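Read through the structure below, which is laid out as structure tokens, and then see the notes.
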Amino acid sequence: MTNTTDKDRVLIFDTTLRDGEQSPGATMTHTEKLEIAGLLDDMGVDIIEAGFPIASEGDFNAVAAISKNATNAVICGLARANLGDIDRCWEAVKHAAKPRIHTFIGTSPLHRAIPNLTMDEMAERIEQTVSHARNLCDNIQWSPMDATRTEWDYLCRTIEIAIKAGATTINIPDTVGYTAPVESADLIRRLIETVPGADEVVFATHCHNDLGMATANALAAVAGGARQIECTINGLGERAGNTALEEVVMALKVRGDIMPWSTGIDTTKIMAISHRVATVSGFPVQFNKAIVGKNAFAHESGIHQDGMLKNAETFEIMRPTDVGLSETNLVMGKHSGRAALRSKLSDLGFDLGDNQLRDVFVRFKELADRKKEIFDDDLIALMRVGEDPENDRLKIVSLRVVCGTHGPQQADLTLDIDGTEHSTTQTGDGPVDATFNAVNALFAHDAHLQLYQVHAVTEGTDAQATVSVRMEEDGRIVTGQSADTDTVVASAKAYVHALNRLLVRREKSAPGTDTREINYKDVS
Ligand code: KIV
Ligand code: ZN
């Protein structure tokens, strides 16, 4: 877009690390959160909601560390409407060059019933908490949770109070994904017209995707006057997720003719961050997902391929390179060297230090010995950023699986546990079950397997399989990922990866400190 003025600029508020991470099973480690925040900052996100500092020591430390590291973005922390939450939030975000406190309370009849406050009591609470936050920080966002199901008069009243108490951004959440585009636009427009002081603040839109309308609702809200979109990478978030950052940003870029608003996002960084969020959260992207799905730019049918060869615009409204996909996906083979690997990984969004590159290069050479052609997706699957496999307490030494047409299947496994090798042979209902039984026989634990997922990274029978597992023990949720041309080996490695992470979590946190154990609707 050219000739844009401030009123045409839409701020992108990313909440992958708060609303996204809050979705059950999407837990990220401290290092992963820092890495994702770095990528968000780098791609031009205006505001990063880095977490919910009161929720756990881990959340607090992550928000504080992200605040210290951020170079461009405003760093925001979430706080319920009580002084303790707000103070804790400020302690975490105050390190940022540009800090923001985001405080909220549920204003709809159903949400008011939870803390059991009358309308007047809640109004008083809003005045008190927003003023308190404003005394700490100049940049305050206030949200009436479940705004789209709040009585009109009461919604206007609470927003007016929050603005008078010092809020600088008013966010209108469609917490349960109930609203529709016409209502979304109308609600924001009427609020801006009605509430005294509305023209002094930025209105934001925060849409959940329960009816699949989050992107449409967010764009409609912008048409109604909102100038901040709250969103997550890959649409990660509670239940059906949030508005997907890549969708709103690309919609504004491609359809500038009817939506003349711009963002500050470098869209060529979209694919790399999408891959990283999918990997670290353990939530894969559906193949036909808009913008970042594996098939979003694939043209299979003859008629499409023919049209594409003659003129790419026949079937493409944006170029793959606009979102950071390289024109050619075929990259390297066994003769490629370390410098080529570094440069290719950098194109894919991974800037590695020498030690990390050394480890990845070893894995790359192992893969290249087994697989003739190595594609971008193969390289992405090799990445395990921020963790040093050398420090793992459990390591697979060898695995041999015997499969027959009639089970049970058998796994012979040797594990190195804290430096000592242990072996066992176990059977199971299929090779993966036998392998997991063998791991459990050597390393007893009470963790419960919540999710086991396999995906082929590329085409062909020598394709790598990426496996994600999610495990839970005493409220701690961990994910493990791995990739290998052998699905059973990838499964074993992912399972052991998750157990290694669980051991780290056991050492670092007591049970009951997980983010998801806090009731974020409780304002007391
Ligand atoms: O969906 C929601 O209402 C929220 C609030 C905390 C803003 O995430
Ligand atoms: Zn939300």
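Taking +1 at the Cβ of each Lys and Arg and -1 at the Cβ of each Asp and Glu, which of THR414, THR479, MET28 sits farthest along the dipole of the chain towards its positive end, judged by Cα position relative to the Cα centre?
Toward the positive end, the furthest listed residue is THR414.
Computed FRET efficiency, Cβ-Cβ of ILE317 and LEU449, R0 45 Å: what is it to the nearest 0.05?
In this case the efficiency is close to 0.60.
Mind checking the range 71-150 for trypsin sites (Lys or Arg not before Pro) that DSSP puts in a loop (not H, G, I, E or B) and that have at most 15 other Cβ atoms within 10 Å?
In loop regions of the range 71-150 (DSSP not H, G, I, E or B), the sparsely surrounded trypsin sites (Lys or Arg not before Pro) are LYS94.
Roughly how far apart, in whole Å, are the Cα centres of the range 464-506 and the range 80-111?
After rounding, the separation between the Cα centres reads 34 Å.
GLU151 to ASP120: extension gain in nm, 0.36 nm per residue of separation minus the Cα-Cα distance?
9.8 nm
With labels modelled as points extended 7 Å from the Cα through the Cβ direction, what inter-label distance (nm, one decimal) is found for ASN69 paired with ARG9?
Placing both labels 7 Å beyond Cα along the Cβ direction yields 2.6 nm.
Nearest 10 degrees, 0 to 90: what angle lies between the long axis of helix 245-254 and the longest principal axis of the chain (Cα atoms)?
Tilt of helix 245-254: around 70 degrees.
Can you give me the angle between helix 57-69 and the longest principal axis of the chain, using Cα atoms only, in degrees from 0 to 90, rounded to the nearest 10?
Roughly 80 degrees, rounded to the nearest 10.
For the chain, build the charge dipole from Cβ charges (+1 Lys, Arg; -1 Asp, Glu) around the Cα centre, then report which of VAL360, SER67, GLY430 sits farthest towards its positive end.
VAL360
Checking the cross-link filter: which lysines have an alpha carbon closer than 23 Å to that of LYS372, excluding same-chain neighbours under 8 positions apart?
LYS294, LYS334, LYS344, LYS493
What is the magnitude of the charge dipole of the range 11-281 about its Cα centre, with +1 placed on the Cβ of each Lys and Arg, -1 on the Cβ of each Asp and Glu, and no other charges, expressed in debye to the nearest 20?
So the dipole magnitude of the range 11-281 works out to roughly 260 debye.
I'd like the distance between the alpha-carbon centres of the range 28-55 and the range 150-217, rounded to an integer number of Å.
Each part reduced to its Cα centre gives a spacing of 25 Å.
Please say if the range 394-509 is rounded, prolate or oblate, where rounded means a/c under 1.5 for a ≥ b ≥ c the square roots of the C-alpha gyration tensor eigenvalues, and otherwise the choice is prolate for a/b larger than b/c and oblate otherwise?
Oblate, because a/c is 1.5 or more while a/b does not exceed b/c.
R0 = 35 Å: FRET efficiency of GLU373 with ALA240, Cβ-based, nearest 0.05?
According to the calculation, E is roughly 0.45.
Any idea what angle helix 487-508 forms with the longest principal axis of the chain, computed on alpha-carbon atoms, 0 to 90 degrees, nearest 10?
Orientation of helix 487-508: about 50 degrees from the principal axis.
Express in nm, to one decimal, how much length is gained between ASP429 and ASP138 on full extension, taking 0.36 nm for each residue of separation and deducting their alpha carbon distance.
98.8 nm
Using the crude model of +1 on Lys and Arg Cβ and -1 on Asp and Glu Cβ, and no other charge, please compute the dipole size for the range 353-479 relative to its Cα centre, in debye to 20.
240
Only the coordinates and a few stated rules stand behind these numbers; no lab work does. Everything numeric here is computed off the predicted structure, so don't read it as measured data. With ideal geometry, Cβ positions are generated from the backbone for all residues, glycine too; neighbour counts draw on all protein chains shown.
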